[in-house]
Structure formats: structure tokens, C-alpha cells
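Q: I'd like to ask you about the structure that follows.
The values are calculated or read from the model by the stated rules, or taken from the named source; none is laboratory data. Everything quoted here is computed from the prediction, not taken from an experiment. When we count neighbours, we look across all protein chains shown, and the Cβ atoms used for this are built from the backbone with ideal geometry, even at glycine. Keep in mind that these areas ignore ligands, DNA and RNA; they rest on the heavy atoms of the full protein, side chains included. Shrake-Rupley method; radii C 1.70, N 1.55, O 1.52, S 1.80 Å.
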Amino acid sequence: MTTLYFTQDHEWIAVDGTTATVGITDYAQSQLGDIVFAEVPAAGTRVEKGKEAAVVESVKAASDVYAPVTGEVIEGNGALGDDPSLVNTAPESDGWFFKLTLADPSELDGLMDEAGYKAFVDGL
Amino acid sequence: MTDTNPEADIVENAPETLPLDAWHRAKGGRMVEFAGYHMPIQYEGIMAEHLWTRENAGLFDVSHMGQLVFTAEEEGVDVAAALEALLPADVKGLAAGRQRYSLLLAENGGILDDLMVTHLPEASPFDAPGGYYMVVNGATKWEDIGHLREYLPDEVTLSHLYEQALLALQGPKAVAALARLAPGVADLTFMTAGAFTIGGIDCWVSRSGYTGEDGVEISVPAEDVEALANLLCEQPEVKPIGLGARDSLRLEAGLPLYGHDLDEETTPVAADLGFALSKRRREEGGFPGHARIMAERENGSILKRVGLVVEGRQPVREGAAVLDAEGNEVGRVTSGGHSPSTNQPIAMAYVPLASAQAGAKITLSQRGKIYTGTVTPMPFVPHRYHRKGA
């Protein structure tokens, strides 16, 4: 069973047991505009909660994608190298950035659920 | 997720609104602060707007730019000669209705601004027969006006047309769309201008722009600009285009942006704008920085502005360093980004003269990563101006 969480930095994290998939939200991609480049971490990379884990660039600007939780990357989404626009067209499915193994599931406690994130975005 | 290089031009005071502010918002424009104004960065998306302009016609609001008119206070005052003391252009040789690109130069030859100057004919909406019309950058217009007022003789009157808005209609179908409303504009050639009535509105139209495409720039009274913008957008070829695509279009066209690719530290020779130095002016002198600029023409400048195509897919942007073989910073990227029309990262950079020839490999450093650029003749996308005789 998959549980979806969101950060105030506009990442989503879909958690299934101790593994999770991370991407940026539809709101984030709409704010960034046309994505022309994405760089994802390689398998084996250790990422830390709140620290830069990936890079996404629109026509206009470069942005960092932060790790919502600490863990070890299992897989980066290689499809983004060939077609970074997947982040625009399918931000919360095929446009995912990386999968990781959670180091400390309690880090999820401070994150928002879908309704909480929607309220957060509506308030921006 | 946060921007690591937000590039809005920050100003101290609260941004002002332009005459089309509400129109932009109604059209879905995403407003940002630029040059002291709220301006639309995009409507439907930078990539789509960019490609639309290259294929059809894009309408840009550039009312933030400064529109100035210079006239003689009395009979016998030579306005052209007065302007030539501040610009390297052959202003005296500019026939009525003709426009020229020029540079406002500091005493040391540094570039204070880049601009367009036009010799006005008898008939224009500006009521200034024989005067000169100038368009300067929005971010620099107040300093330009101060500089011009200080250095021009008192007998030359400078009027700031702050009640005129400015639109640019750019793209291969721009003139066909406008000619439906004002047939005479089709007779203009690149860098010529004239007075036209469009939908009953008195306008000043020049065949020029900042995209590398054919097109026009239209000066219109602020009170009429919304009616004109609506009239233009009713044409099937025309969509409103934001600042984001304006920047990517001008970068592909190899056109420098003041404050980024040009500043007081750069000279016309280093900026590779030698075409803006008229032959007669080079020979006669009499403009600021003449001795230094001529020496640079003779011996070369230390750095030169070049175009780069960057390997890979990641854009290398303004501020990235140009490195020599030992890793020392010897130059700088001044504009850079993804090129929607050629689908690759492109940039403008100042590089040492010895590395400025086409094909030279340039090592770039951005946020700790190394990239390779190849010096490439500009424009990256061929200009399609409607030149006389073409």
C-alpha cells in the first residue's frame, strides 16, 4: 500500500514500506514552465533530508530538488535524460526523479498529506 | 525546490504598472518584476511562445522602454551634431525615416546603453519635424535621460514620451497581419519607419525588432494601446508573447541585452558591435572613447563577445566562468539558456581574444561542474529581416 506525502518545497514522496519514489508536484512544474534538463542521482547515492538531491532546469532558471527524507537511492529516472519534458506532462507519474530506501521512516511525520498540501498551495 | 538563479532585475522601489497591465493579466500573463515594472514573463509557456513567434507573429509589450525625442530649440541648432558628440553613429547621414542602432558611450568608451535612433520626417505623431526619435532600454532610461540632459547643449530639447506605449509585432507573418489594418506598412524595409493610422489610432511604425525575425515596433499613445493590442490579437497570426520568449529569441538572434552582455566595462569592439561605429565617425572621431576604441580596433580587445554552443543538454547561464587550461577564470558567460529553435544549450560569453575564433573549445564552470562550449558564429538562427532590394 502506497502513502503519498508532500513537502513545502513542492516535492511529493510515495512511500511503500521502506522504499519510496520522489518527484516534484504538478504545481511545481507549472511554476517552473518548460523543463529542458533534469539531473537525477545515481543508484547508491546517499541523500539527506532537506539537501539537494537532483537538479531541474526550465527555459528560465535552474532549481534544486531536495530529498524529502534521508536514504539511499535505488534508481534514478533515466527517462528524464532523454525526455525532460516528462516532468511537465506527467509530474506525479512518469516524470518521477528517483527511488530510495528510507533511512528513518519517522522523518515522514512532519510532511503533509494530499489535502494538507492542497491547502498549502491554495494559500500561496 | 527553490530557484538557484532567479534572474528578475531587482529594484529598490515598488514596481510600477504599464498601460497594458490589466490586459496582460486578463490574457493569462504571469507577471514578474522587470526593469522596475510588472511585466508578463509568459502566457501559455515560453517554449510555445518562442516557436509561435518564429513561425507566425508575436505581440510584445515593451512599453517599459524609454522613448525620447530631440528637437532644436531654435532655427540653426544642429541636433544631429549634438547627438554625434555622444554616439558613434553617423547621425548626420541618417535620411528622414531611417533608423540606426547605436550606443551611448562613456568618456572611456564603455557602453552606457544601446539604442535605436531615427531621423523624423515632416510627418510623425511626435510633432517634431526633422527631429530625432530614440528608443533606449527600460532599466537604464532614467540614467540615460540624466546623461543626455547633462551633456547635450541647452539648445537641444529632450522630450521624454512617457505617455507613449511601445509594442513589437515580430515574426514572418507580422507584416502581413499588420498590413491588413494599415496596408502601407508593407512598403517599409528593415530599419525604416513612418507614421501610420491603425484602426484610427495615430502610430509610429518602424520595421525593426529584437527577435531576428521580420517585424515592426509600434509607438502608440498609452490611452490607445489596449485598443491596438486587441486589434492586433484579433489577427489569426498574432498571439501575445512574454519576456521569457523575448529573451530566448534575442539570444538565438545573437542580439546583446544591456546590463547582461553589455555594460560600462565593455566597449563596442569587445562587444563585437563594430558595425555600430560608422566609417565617417571612426575617421573623424569626436565621440566619447574614440582613441581607446580605435586602438582596440587596431590591436584587438582583451576579451571578445562570442556565441557558444554548449555540449550536452544542461543550460549554462549568465555568471558561469570561462576557464583557461590551468583553471583560472579568464572570462564570463553573460547570457545563456536553452535554444528552443535549435534544441540545444547556447550562450554568449566574453572570452580571451586568442580563443574567440569559430570552432575554439571553451571550458566553462557553473556551480562546480565543468562544461565545454564551441565558439559559433552568431546568429544561432539566421536573421530574416526584410532588407531593401531583397
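Q: A:Ala90 passes all but one of (1) buried (at least 17 other Cβ atoms within 10 Å of the Cβ); (2) farther than 24 Å from B:Lys369 by Cβ; which number fails?
A: (1)
Q: Consider the range B:337-363. How many of its residues are open to solvent by less than 20 Å² (accessible area, probe 1.4 Å), within 14 Å of another protein chain (Cβ to nearest Cβ) and in a strand (DSSP E or B)?
A: Final tally of qualifying residues: 6.
Q: A further question on this structure: Return the only residue of B:Arg292, B:Arg281, B:Arg297, B:Arg332 being touching a helix residue (DSSP H, G or I) at 6+ places or on another chain (Cβ under 8 Å), more than 14 Å from every other protein chain (Cβ to nearest Cβ) and open to solvent by 60 Å² or more (accessible area, probe 1.4 Å). Write out each step before concluding.
A: Values: B:Arg292 fails: touching a helix residue (DSSP H, G or I) at 6+ places or on another chain (Cβ under 8 Å); B:Arg281 fails: open to solvent by 60 Å² or more (accessible area, probe 1.4 Å); B:Arg332 fails: touching a helix residue (DSSP H, G or I) at 6+ places or on another chain (Cβ under 8 Å).
Being touching a helix residue (DSSP H, G or I) at 6+ places or on another chain (Cβ under 8 Å), more than 14 Å from every other protein chain (Cβ to nearest Cβ) and open to solvent by 60 Å² or more (accessible area, probe 1.4 Å) holds for just one of B:Arg292, B:Arg281, B:Arg297, B:Arg332, which is B:Arg297.
Q: Next question, about the same structure. Taking only the range B:300-329 into account, find how many residues are more than 14 Å from chain A (Cβ to nearest Cβ) and within 24 Å of A:Val55 (Cα to Cα). Even if it seems obvious, please write down each step before you answer.
A: Start the filter on the range B:300-329 by keeping residues that are more than 14 Å from chain A (Cβ to nearest Cβ), which leaves B:300-309, B:321-329.
With within 24 Å of A:Val55 (Cα to Cα) added as a condition, the list becomes B:308-309, B:321-323.
Summing the residues that are more than 14 Å from chain A (Cβ to nearest Cβ) and within 24 Å of A:Val55 (Cα to Cα) in the range B:300-329 gives 5.
Q: Hey, can you tell me all the residues within the range B:10-35 that are away from every other protein chain (no Cβ under 13 Å) and in contact with an Asp or Glu (Cβ under 6 Å, 6 or more places away or on another chain)?
A: B:Pro15, B:Leu20, B:Trp23, B:Ala35
Q: Here is a further query. Tell me which of these A:Gly23 doesn't satisfy, since it passes every other one: (1) over 10 Å from the mean Cα position of the chain (by Cα); (2) touching a residue at least 12 places away in the same chain (Cβ under 8 Å).
A: (1)
Q: Which members of the range B:364-389 meet the condition of being assigned to a loop (DSSP other than H, G, I, E, B) and of a type outside the set (D, E, K, R)? Give the steps one after another, and end with the answer.
A: The initial filter retains those residues of the range B:364-389 that are assigned to a loop (DSSP other than H, G, I, E, B), namely B:367-368, B:377-389.
Residues satisfying the conditions are B:Gly368, B:Pro377, B:Met378, B:Pro379, B:Phe380, B:Val381, B:Pro382, B:His383, B:Tyr385, B:His386, B:Gly389.
Q: I've got another one for you. Between A:Gly81, A:Gly17, which is open to solvent by 30 Å² or more (accessible area, probe 1.4 Å), out of contact with any Asp or Glu (no Cβ under 7 Å at 6 or more places or on another chain), at the interface with another protein chain (Cβ under 9 Å from one of its Cβ atoms) and not basic (Lys, Arg)? Walk me through how you get there before you give the answer.
A: Details: A:Gly17 fails: at the interface with another protein chain (Cβ under 9 Å from one of its Cβ atoms).
From the options A:Gly81, A:Gly17, the qualifying one is A:Gly81.
Conditions (1) buried (at least 20 other Cβ atoms within 10 Å of the Cβ); (2) in contact with a Gly (Cβ under 8 Å, 6 or more places away or on another chain), marked per residue:
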residue: B:Ala14; (1), (2): no, no
residue: B:Thr17; (1), (2): no, no
residue: B:His24; (1), (2): yes, no
residue: B:Gly28; (1), (2): no, no
residue: B:Ile46; (1), (2): yes, yes
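Q: Moving on to the next point. If B:Glu107 satisfies all but one of (1) open to solvent by less than 10 Å² (accessible area, probe 1.4 Å); (2) part of a loop (DSSP other than H, G, I, E, B), what's the number of the condition it fails?
A: With respect to (1) open to solvent by less than 10 Å² (accessible area, probe 1.4 Å); (2) part of a loop (DSSP other than H, G, I, E, B), B:Glu107 is out only on (1).
Q: Mind listing just one residue for me: the one in the range B:144-176 that is over 17 Å from the mean Cα position of the chain (by Cα) and among the acidic types (Asp, Glu) and, of those, nearest to B:Gly194 (Cα to Cα)? Give the steps one after another, and end with the answer.
A: Residues of the range B:144-176 over 17 Å from the mean Cα position of the chain (by Cα): B:145-164, B:172-176.
Okay, now just the ones that are also among the acidic types (Asp, Glu), so B:150, B:154-155, B:163.
Values: B:Glu150: 30, B:Asp154: 28, B:Glu155: 26, B:Glu163: 19 Å.
Only one residue fits best here, namely B:Glu163.
Q: Any chance you could count how many residues in the range B:236-257 are open to solvent by 10 Å² or more (accessible area, probe 1.4 Å), more than 21 Å from B:Tyr385 (Cβ to Cβ) and either hydrophobic (A, V, I, L, M, F, W, C) or within 15 Å of the chain's Cα centre (by Cα) (or both)?
A: The total comes to 1.
Listed here are the residues, each with its yes/no results for (1) surrounded by fewer than 22 Cβ atoms within 10 Å (Cβ to Cβ); (2) assigned to a strand (DSSP E or B); (3) not assigned by TED's automatic domain parsing to the domain that holds B:Glu75; (4) not aromatic (Phe, Trp, Tyr).
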| site | (1), (2), (3), (4) |
| --- | --- |
| B:Lys141 | no, no, no, yes |
| B:Glu150 | yes, no, no, yes |
| B:Ala168 | no, yes, yes, yes |
| B:Leu178 | no, no, yes, yes |
| B:Ala186 | yes, no, yes, yes |
| B:Ala193 | no, yes, yes, yes |
| B:Thr197 | yes, yes, yes, yes |
| B:Cys203 | no, yes, yes, yes |
| B:Thr211 | no, no, yes, yes |
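Q: If you don't mind, there's one more thing I want to ask. Do you know which residues across the range A:50-66 are facing chain B (nearest Cβ under 7 Å), of a type in the set (Asp, Glu) and open to solvent by 10 Å² or more (accessible area, probe 1.4 Å)? Quick ask: steps written out before the conclusion?
A: At the first step, the residues of the range A:50-66 found to be facing chain B (nearest Cβ under 7 Å) are A:57, A:59-66.
This time we only want the ones that are of a type in the set (Asp, Glu), so: A:57, A:64.
The one that is facing chain B (nearest Cβ under 7 Å), of a type in the set (Asp, Glu) and open to solvent by 10 Å² or more (accessible area, probe 1.4 Å): A:Asp64.
Q: For the structure I just gave you, tell me whether A:Thr25 is at pLDDT 95 or above and over 27 Å from B:His338 (Cβ atoms). Full working, then the answer.
A: Details: at pLDDT 95 or above: yes; over 27 Å from B:His338 (Cβ atoms): no.
So A:Thr25 fails the test.
Q: Which condition number does A:Gly95 fail, the rest of (1) outside any loop (DSSP other than H, G, I, E, B); (2) in contact with a strand residue (DSSP E or B) (Cβ under 8 Å, 6 or more places away or on another chain) being met?
A: Single failed check for A:Gly95: (1).
Q: Now for a separate question. When you check B:Ala229 against the structure, is it open to solvent by less than 10 Å² (accessible area, probe 1.4 Å), assigned to a helix (DSSP H, G or I) and out of contact with any strand residue (DSSP E or B) (no Cβ under 6 Å at 6 or more places or on another chain), yes or no? I'd like the intermediate steps shown before the answer.
A: On the way: open to solvent by less than 10 Å² (accessible area, probe 1.4 Å): yes; assigned to a helix (DSSP H, G or I): yes; out of contact with any strand residue (DSSP E or B) (no Cβ under 6 Å at 6 or more places or on another chain): yes.
Criteria met by B:Ala229.
Q: Can I ask one more? Keeping to the range A:11-60, report how many residues are part of a loop (DSSP other than H, G, I, E, B), of a type in the set (Val, Ile, Thr), more than 22 Å from B:Ala245 (Cα to Cα) and out of contact with any Leu (no Cβ under 7 Å at 6 or more places or on another chain). Spell out how you get there, then give the answer.
A: Start the filter on the range A:11-60 by keeping residues that are part of a loop (DSSP other than H, G, I, E, B), which leaves A:17-18, A:25, A:33-34, A:40-45, A:48, A:50-51, A:59-60.
Applying the additional criterion that residues be of a type in the set (Val, Ile, Thr) yields A:18, A:25, A:40, A:45, A:59.
With more than 22 Å from B:Ala245 (Cα to Cα) added as a condition, the list becomes A:18, A:25, A:40, A:45.
Narrowing the set further to residues that are out of contact with any Leu (no Cβ under 7 Å at 6 or more places or on another chain) leaves A:25, A:45.
Matching residues across the range A:11-60 total 2.
Q: May I pose another question? Mind counting the residues in the range B:110-126 that are open to solvent by 20 Å² or more (accessible area, probe 1.4 Å), touching a strand residue (DSSP E or B) at 6+ places or on another chain (Cβ under 9 Å) and assigned to a loop (DSSP other than H, G, I, E, B)? I'd like the intermediate steps shown before the answer.
A: Step one: list which residues in the range B:110-126 are open to solvent by 20 Å² or more (accessible area, probe 1.4 Å), which gives B:112, B:116, B:119, B:121-126.
So of that shortlist, the ones also touching a strand residue (DSSP E or B) at 6+ places or on another chain (Cβ under 9 Å) come out as B:112, B:116, B:119, B:121, B:123-126.
Still in the list and also assigned to a loop (DSSP other than H, G, I, E, B): B:121, B:123-126.
The total comes to 5.
Q: Also: Yes or no: the range A:24-35 includes at least one residue that is farther than 23 Å from B:Met31 by Cβ and more than 8 Å from chain B (Cβ to nearest Cβ).
A: no
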